[in-house]
1. Can you spot a residue in region A:622-631 that is touching a residue at least 24 places away in the same chain (Cβ under 8 Å), of a type outside the set (A, V, I, L, M, F, W, C) and part of a loop (DSSP other than H, G, I, E, B)?
2. Name the single residue that is surrounded by the most Cβ atoms within 10 Å (Cβ to Cβ) among those in region B:46-58 being at the interface with chain A (Cβ under 10 Å from one of its Cβ atoms) and in contact with an Asp or Glu (Cβ under 9 Å, 6 or more places away or on another chain).
3. Between residues in region A:348-364 that are touching a residue at least 40 places away in the same chain (Cβ under 8 Å) and residues that are in a loop (DSSP other than H, G, I, E, B), which pairs lie under 6 Å by C-beta distance while being six or more apart or on different chains?
4. Restricting to region A:882-899, give me the number of residues that are under 14 Å from A:E843 (Cα atoms) and not in a strand (DSSP E or B).
5. Please go through region B:59-74 and pick out each residue that is open to solvent by 50 Å² or more (accessible area, probe 1.4 Å) and either assigned to a strand (DSSP E or B) or within 7 Å of chain A (Cβ to nearest Cβ) (or both).
6. Restricting to region B:1-45, what's the tally of residues that are part of a loop (DSSP other than H, G, I, E, B), under 16 Å from B:I76 (Cα atoms) and either open to solvent by 90 Å² or more (accessible area, probe 1.4 Å) or within 10 Å of chain A (Cβ to nearest Cβ) (or both)?
7. Take the residues in region A:369-417 that are without any contact (Cβ under 8 Å) to a residue 60 or more places away in the chain and within 42 Å of the chain's Cα centre (by Cα), then tell me which one is surrounded by the most Cβ atoms within 10 Å (Cβ to Cβ).
8. Taking the condition of being crowded, with 19+ Cβ neighbours inside 10 Å and among the charged types (D, E, K, R), how many residues in region A:715-732 meet it?
Amino acid sequence: MRVEGKGLIDRDQEVAFQFDGARYRGFKGDTLASALLANDVRLMGRSFKYHRPRGVLTAGSEEPNALVTVGSGAAQEPNVRATVQEIYPGLSATSQNRWPSLGVDLMGVNDLVSPFLGAGFYYKTFMWPKSFWEKLYEPVIRRAAGLGALSAENNGDRYERAFAFCDLLVIGAGPAGLMAALEAGRAGADVILADEDSQMGGRLLGEVEEIDGKPGHVWAGDIVAELEAMDNVRLMTRTTVTGAYDQGTFGALERVGHHRKRRGDALPLECFWRIVAKQSVLAAGSLERPVAFRNNDRPGIMTAGAVRAYLNRWGVSAGRRVTVFCNNDDGHRTVRDMLAAGVHVAALIDSRHDAETVPGVRMFKGAMVSDSGGRTGLEHVTIRSVGGEDRIQTDCLAMSGGWNPTVHLTCHMNGRPTWRESIQSFVPSPDAVPGMHVAGACNGAFSTTGCLREGVEAAKRALDAIGVKAADVALPAAEDGAYRIAPLWAVPGKGRAWLDFQNDVTVKDVKQAAVENFRSVEHMKRYTTQGMATDQGKNSNVAALAVLADVTGRAIPETGTTTFRPPYSPVSIAAMGAGAQGKGFAPQRFTTSHAASVEMGAPMIEAGLWYRPSYFPRAGESTWRESCDREVGMVRESVGVCDVSTLGKIDIQGADAAKFLDFVYCNMFSTLRVGRTRYGLMLREDGHVMDDGTTARLGENHFLMTTTTAAAGEVMRHLEFLHQGLRPELDVAFVSVTEQWVQFAVAGPKSRALLDGLLDAPLKDEDWPFMACGPVALGGIAARLFRISFSGEHAYELAVPSRYGDSLFRELVKRAEEMGGGAYGMEALNVLRVEKGFITHAEIHGRTTAFDIGMGRMVSAKKDCIGKTMSERPGLCDLGREQLVGLKPVGEVKQVTAGAHLFRAEDAPKRENDQGYVTSVAYSPTLGRMMGMGFLKNGAERHGEKIKMVDHLRGIECICEVTGPVVFDPEGGRVRG
Amino acid sequence: MRINCPVCGERDRREFYYKGAAVALERPAPDAGEAAWDEYVHLRENPAGETRELWYHESGCNGWLVVTRNTVSHEISGVELASEARS
C-alpha cells in the first residue's frame, strides 16, 4: 500500500513492469520489492526445500526469500533479489521454484512430509542401494531442489573487467562512509567511495533521523554533491565490494546495466573491478536479524528495519495493520514511524520486561510472538505472555532480533570477529585486514553520531598511515541514542521455527545436528546446510550458532563463527571472466604467412597460441590425406616450403655465452665453430628431457637458439633462471627474437636450386655443408641461412626480418611451384619427421630421458650440465626402461594408432602385461604403409621382434614389427647430399 | 596479491610466474652425493609461516626474484633479485 507524502521516489515518473505476466505500475526509484508491496503483492517466491510460500524479508542485498528471474531467453537472469532490482519500463520478472504457479505449487507436498526431510535427510536416505544414486536419486533431487534456472542459451551480454588504484577505498556510503570520504577528499587524497545501492546514504535513506537539522537523506545528498565536485574523489554506486585480498587488493562488482532495458549499446551489463588501495575504510553497516518462532516465514513477516525503510524511502506500508515484535529499542522506531505516517499499529510486543513504554500503541512487555497464521500470507499472530496467549489480527509483522555488524570483509584474510556482549553480536577484530579501518555500525557503533564520528576518525588513521595531512571536518549534530538489547534467538515452543529462510533450516534442525554430535559450528553448518545458500546466511548465521551454543551448553564466543569467504554477494562468472568467451579465451598468434596460407585455402590449426596451416589443398584433392601425401612427395622429390617461424628463437650474446650453453645443454657447445649449427638436448634438473632444438653460432660470442614451439616461453624462463639464479657471474644476456625474425624451411632435392635463383649470390658447396649457417643477402636485404633439416632432405631454413615475411613466403612458394613443388603444412611436416624418427613433445613428454630416446651418449662426460647428476641415477638408464622404437604393421590389420599400448604377441592385453605405448603415427606415402613411433621396454634390443599393439579405446589390434626409429634413409645420405 | 619488484616497482601478481622455494638457488656440487641431490630436486618444506620463494617477472623485466612471504598472513616482508640474493 502506497502512503501519500512519504518516500524518496519520483511520483511524477510512473514505471510499468510485469511480474509473473501481470502488469503493475511503480515509480522511478522503486525496487521490484517496493513496487510489488505497493501493489499489495506479498507472495514473491517459494522456499528451496519445502516450497513454502514466501514474501520479502528485507530491503537490501541480504534478501533470502524474494528471488526472481529477470528477462527471458539468452538474457534470462535467475536468482535476482527483488530488493536490489530497480524497476524500469518494460521490466519483466517471474517467480521461481514453483510448479505450475506461484499460488498453487504442487511441490508444496514437501512441506507435508517435512518430518522426514530434516537435517541430514540426504545423508541418511540416499545411502543405498548404491546403483540407485545415479539413475534415480540424483535426477529426482536435481529436479526438486535448486533455485532459479539458466536458459542454457549462450549469454549474449557484454561484461567488463577493470582495474582501479587509489589512496583510500571507502566501502559503504552511509553516515560513516560519507564522513570518511569527506575527510579524505578534503585532505586531497585519491579516494574511491563504493556503495552497493543505487543511491548513496545507506541507512539514512530509510530513516527519519536528522543530521545538522536536515533530514538524513538531504544531508547525505549535500555531502555526495560536495564529493562529486572533487577531482580526487570517485563515486561508485551499484558497486559491491565483494572481497578483501592481499596487499590492499579488493574485488568489486559494478552492476552497470541491470537497472535499464538492455539496448545492446556500448555499456556492459556488469563490470568486475580489481581495486588496489593503499588504505581502506570499511563502513559496511549492519544487518538486522529475525527472531525464530513457529511459522515465522509467512509472507508479511519482515524485519522491522525493512518495514521502516519501505515506508520512509519508498512510501510503502508493508501492511494495513502492522505489528512489531522486538528485543531491542530499534524496533520501537518502526512503531513511531508507522504511527506518524498514519498506519495502524496493532501491537508492540517487546520480549523485555523492562522495555520503555511507547505511547500510542497497545504494548506487550515481556511477551513473545509464538506462532503465526494465514494461507499464502500473514493473517494473525499468537502472542504469549505471563497473562497467557492472545491472538491478534495483523497483515504485517515487523520483527527485530537485533543488528549484526557486517564484518564479512574483515574476515576474508583469515580474521575472526570478536563477540561483544553489549550488542549481542560480533564486531571486527582490530587489524584483521592490514590497512583497513572499520567505522560505524559495522564496528558496533549504532547511533548516527557514533557513525559520523567513527567515519572521520577512521579516515584520519588511514591518512596518517600514508602521510597525508588530515583536513578539518566538523562533526555534524545528530542523535546519539543508546542501543539496548536483551538476547532472544528463538521463541521456545513446538513446531518449526525458521533460521535460514533460503535453505529452509529450522531451530529443530540445528538441535538435531547437535544431538547427532555435529557440535562444531562448521559441522553443524554442513549437516544442516545452514548459511550455505546464495545469501550465505547473512541474517541467520549468528542466531543459528546462538541456538547451537545453547543446546551444547557453551557460550557463543566459545562456539565461534563459521568462516566468511568472498564474495560478499554473488558475482557472475561472466563478470569475472569478462572478455574470455570464445576467441577471447586465449590470445591468438598469427605468422606473417597467415594471410597467404588462408588465401591458398589451407585449414589453420592451433599450435599453442599459434595458428599454422594444416595442408594446402589443390584442385581435385578431396581429402586431407591426398594433399598431405602430395606435399610429402614434393619434399622428397622436388622442393617444399614451410613456415617454421613459430619455433622459439632466443638470441644469446656475451663473453661467456658458450660456457653458459655448455651448462644448459647436455652436449657440448663451446667446441662449435662459428658458422655452424648443432642439435642440442636440454634436460631438467631431475634428469629428464626438457626440450630440444638447434643452436647456431653466429659469432664468437653470439648464438641463436631455437626451441620447440610449445616450450619457447618455458625455455626463456629457464635460461633466465639458470643465469640469474645459478650463474650470475657469467657474462651473457638473452632476448627472444621469435617475432622479430621469420624463418622458412626450403626442403627437398631442388632446394639448393631454388635458393640459388633467389639469393643475391649463389651458394658455394665448400661454404655450405650440412649444418652450416651464416649471413646471406636477397634483394639487398641481410638474411640468415641455416643448412638444417627436419625432413631428412637436403634442406635450408631462410630467416629474414618479419616485415619481409609475407612477400618472401609468397615468392618462395611461387618459385617452388615453378619447380614442381610448393607449400607444405603441419600434416606433411609430421609425416616427414616420423619417417626420419625425429622426436617432438609427443616423445619428450616429460617422463623420458636422453637414454630412452637413444641419445644417452649425448650427455657429455667432460662437463657439468643441468640434469646430468640426476640423469645418472641407475633407474634412469636401466635397460628395462621403455626405449624409443619404430613400429611397422605386419599382420592383417595395418592401422597403428597413437596412444595404443604394446604387449607381447602371446600375452593378454591387460595392464600387468604392458610393454609400452605408441606416441606418434602417420601414413608414409614414401613407404606406402602406416608407421609408428613409441616406447617399448628394452626396445633398442628388440628390433625385428613381433609385438601386439592394442588400442582399447578404438578396439584396434595390430601386429607390428619392432624397428629402429628411423625408417627412411637411415644412413642420412640425402640430407648431406 | 602484489609484489614490489626491485626493478619495476609494485605490480599485480598476474605479471609474475611462480617457481617454488628459493632452495632452487642452492645447487649442490655434482659430487655432493645422492642425499644432497635428492634434497635439492625433490624435498621441500611446507611451512605455515615465513617462506622464501622464487617469482619471475615474466610480463615485466624478466627478473627472477626471491620473495619472502608469510604463508599464513600472505604478508610479503622482502623482495630481492635472485642474482643478488645468493651472495
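1. No, region A:622-631 contains no residue that is touching a residue at least 24 places away in the same chain (Cβ under 8 Å), of a type outside the set (A, V, I, L, M, F, W, C) and part of a loop (DSSP other than H, G, I, E, B).
2. In this case the residue turns out to be B:Y56.
3. Close Cβ pairs (under 6 Å, with a partner that is in a loop (DSSP other than H, G, I, E, B)) amount to A:S351/A:N327; A:S351/A:L488; A:R352/A:A486.
4. 2
5. The one that is open to solvent by 50 Å² or more (accessible area, probe 1.4 Å) and either assigned to a strand (DSSP E or B) or within 7 Å of chain A (Cβ to nearest Cβ) (or both): B:H74.
6. Qualifying residue count for the region: 1.
7. A:G415
8. 1
The values are calculated or read from the model by the stated rules, or taken from the named source; none is laboratory data. Note that the structure is a prediction, hence the values are computed from the model and not measured. With ideal geometry, Cβ positions are generated from the backbone for all residues, glycine too; neighbour counts draw on all protein chains shown. Please note that ligands, DNA and RNA were not included when accessible areas were found on the heavy atoms of the full protein model with its side chains. Shrake-Rupley method; radii C 1.70, N 1.55, O 1.52, S 1.80 Å.
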